[in-house]
Amino acid sequence: MISSKDTVKQAILKARSKKVYIEGNFIKLLSESTDADVKEYIKECKRRDLASRRKRLDITKQVQKQNQELEQAAIERGALVLELQNSLEQTQSAKKEAEALRDEALGDLDLMQKKTQFELISTIVRVALYVIIGVGILTTLMYGWAIFSGVDTQIIGSTWSNMFGILLTNAFSIVGTIMGVKYATDKE
């Protein structure tokens, strides 16, 4: 215990001149005295110590509250980051799915166009062959009729020969043109 009157008196003087008081566990070391100034000093030291402790306690509580708020904000931020990552992954997944569907649709469209072109070419070739065969049969029947009826077949014979040459040339020309168009429009 601090009981020396000089020590306590000097502490009182410092308190009056510089507003510095003993705090904390040092107050317990001050011995009670009958001197009114010492009693008043000890009482003021205890009051200031209590106020200082309350202030520190309030600051500690405030810091703890702010720490809790910061921890809660960090948790919410983490949840938002996870939500954003999930959203980004879903967006990328949807984009990939849309691109796959687009590629599939383009493939289907290309297949349909090729099928339509093939059907059109097939129809053109079939009709051209029917016309060529029809004209060839008709010309041959007329030539045969002319031979059996005893008519002069010299003009009809050369016409029949020229007609078959022209029909064959046209047939190959049509097929060649169609094949050329088909390969010219091929993307590869």
Quick test for you: out of Ala100, Ala73, pick the one residue that is under 20 Å from the mean Cα position of the chain (by Cα) and surrounded by 10 or more Cβ atoms within 10 Å (Cβ to Cβ).
Ala100
In the set Leu88, Leu120, which member is in a helix (DSSP H, G or I) and under 30 Å from Gly180 (Cα atoms)?
Leu120
Mind listing whichever residues of segment 23-44 are modelled with pLDDT of 75 or more and in contact with a strand residue (DSSP E or B) (Cβ under 7 Å, 6 or more places away or on another chain)?
Ile42
May I ask you to say which residue of Arg126, Arg48 is surrounded by 11 or more Cβ atoms within 10 Å (Cβ to Cβ) and of a type in the set (Lys, Arg)?
Arg48
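The values are calculated or read from the model by the stated rules, or taken from the named source; none is laboratory data. Note that the structure is a prediction, hence the values are computed from the model and not measured. Every residue, glycine as well, gets a Cβ built from its backbone with ideal geometry; the counts of neighbours run over all protein chains shown.
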